[in-house]
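A short worksheet on the structure shown next.
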Amino acid sequence: MTSVVEQYLARIESGCLPLDAGAVADYIPELASVDATTFAVSLVVHDGHVYSVGDSTLEFTIQSISKALTYALALRDRGVEVVDAHIGVEPSGEAFNEISVDHRTRRPRNPMINAGAITATALLIRPDKDGQQPTTREEWAPVLDTAFASILEFYSGCAGRQLSMDRAVYASEMATGSRNRAIAYMLQSFGVFPSHPQAAVDLYVRQCSVRVTSDDLAVIGSTFANGGVNPRTGRRMVDGQIARRVLSVMTTCGMYDGAGDWVTTVGLPAKSGVGGGILAVLPGQLGIGVFSPRLDEHGNSVRGVRACRLLSEDLGLHMFTVARESRVTIRSVYDGRELDPAATERSVRDATFLRAHRERIRVLELQGDLTFSGVESVVRRVEALQNRTDVFLIDLSRVGVVDDVSRRLLVALLRTRRDGAAGWVVVDPDGVLSGHGAPPRAPDSTPGGDDVAVTSSSAEAVEIAETMLLGRAERSG
Ligand code: DON
């Protein structure tokens, strides 16, 4: 039985199939021979589960979508400084094959237009150990084969399966790609091109000819959504900072002269190719792959653009959709009168005191993943309640992941040592506060009005909070 998500994708498919505008790319003659009626949408969610409809296992050439991947590989293997010295990150607002360089630096404006992409590819061609470049075609062949093997290995790692090159498409573009050769020679004439123009174009055309399916594109997208780790294989392909940078450049430059319209309406970092594919990413959540060969005037798949638009609108995927995160971090706030008293034996005097003053214990139950905006609201809430509270009981048992900044903020909050500051009891069964999933350390309390205890048990937390409240009353006489 198809899942409700697949039924939903099927509705998107029927919304896109009637579209027959646009034309298959034919400036690379071999591309003109594809079946123009094909269509596929794939979605890969955070744990690597794949949903798809249509021709989702049909292979087509990756074309310009390769630019995002090779840029990531160049950043990983050559480092940000070297890459930045050769390629900018500014949108050009021009077509993909425009000869577009920054007038001052003479660098290609970004890695998503051909000039920048060919430069990124050139950065992956390594001279031999003496720094010598080959001079003959025979000498170049093994150097290019080695560089392409590492490109293919990287693409395959991101897709989670072994990919291969379409030789016919490669030969067809090599026979007709004068413009790309012109771009590479022009860059060389500026004195900033890192390899031989012919070699770089050859390698670039190979990478553009790698065969993928819409499922592959969605897995690749999910790898970037997941901070550089392929969620299906668990393999880290790039670090989180590189993933973030690639997504940033895809956002501003990935859809060429249609980038502004794309960000406004679809709102997802994306990259298209003239093979008919589009890869889109919702950071932290999912990867999308769509495929349909007929293209609009920008070189983007007509049905692919429609499918992304429908997905974004109907599933609320626009990356600037305002999250309710900060409001939902605090699940509830109440005082100690709503807690069942601890089962501990207490003296009559203590029990009477606790009955009269339980409201001085304040419980904050937090939930979900904690990020800055959510924890900031916790900090403010705590500060507002400070005067009416002797002991805060913070319950983290419904919290998932805590990012670094949230952890630092929470720890700083617990360590606040102001006169008369409240004591703290933290319920943290999964060790999210330590950040290592480690079991919490044994409860401890430091005399002097600044008690902090961490425990894995809610019942024990109540007992500690009561004891803290009694201790504080004792000390203040
Ligand atoms: O360089 C070219 O012209 C092709 N190999 C790739 C162009 C492309 O996919 C542009 N994207 N929409």
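Read-outs throughout are calculated quantities, based only on the coordinates presented, and are distinct from any laboratory measurement. Here the structure is a predicted model, which means the values were calculated and not measured. Every residue, glycine among them, receives a Cβ derived from its backbone with ideal geometry; neighbour counts consider all protein chains shown.
Quick notes on this one:
- Fewest neighbouring Cβ atoms within 10 Å first, the residues Leu433, Leu19 line up as Leu19, Leu433.
- Calculated FRET value between Asn387 and Thr176, using beta carbons and R₀ = 60 Å, to 0.05: 0.20
- Relative contact order, percent, the chain [alpha-carbon distance under 8 Å, six or more residues apart]: 15
- Where a label projected 7 Å from the Cα of Val80 along Cα→Cβ would reach, residues of region 244-276 with amide N under 19 Å: 244-253
- Cα long-axis angle, helix 348-357 against the chain (0 to 90 degrees, to the nearest 10): 50
- Equivalent ellipsoid, the chain (semi-axes from 5 times Cα gyration tensor eigenvalues, Å): 56, 25, 18
- Excluding exposed DSSP-loop chymotrypsin sites (Phe, Trp or Tyr not before Pro) (at most 14 other C-beta within 10 Å), longest clean stretch of the chain: 28-189
- Once divided by 2.2 N^0.38 Å, the Cα radius of gyration of region 225-317 becomes 1.06.
- Note, ³J(HN,Hα) from phi for region 32-44, Karplus 6.51, -1.76, 1.60, rounded to Hz, x at Gly and Pro: 5, 8, 6, 7, 5, 8, 6, 7, 8, 10, 10, 9, 10
- Close amide H pairs (under 5 Å, H built 1.01 Å from N) link Arg331 with Glu365, Leu366, Gln367, residues at least 5 positions away or on another chain.
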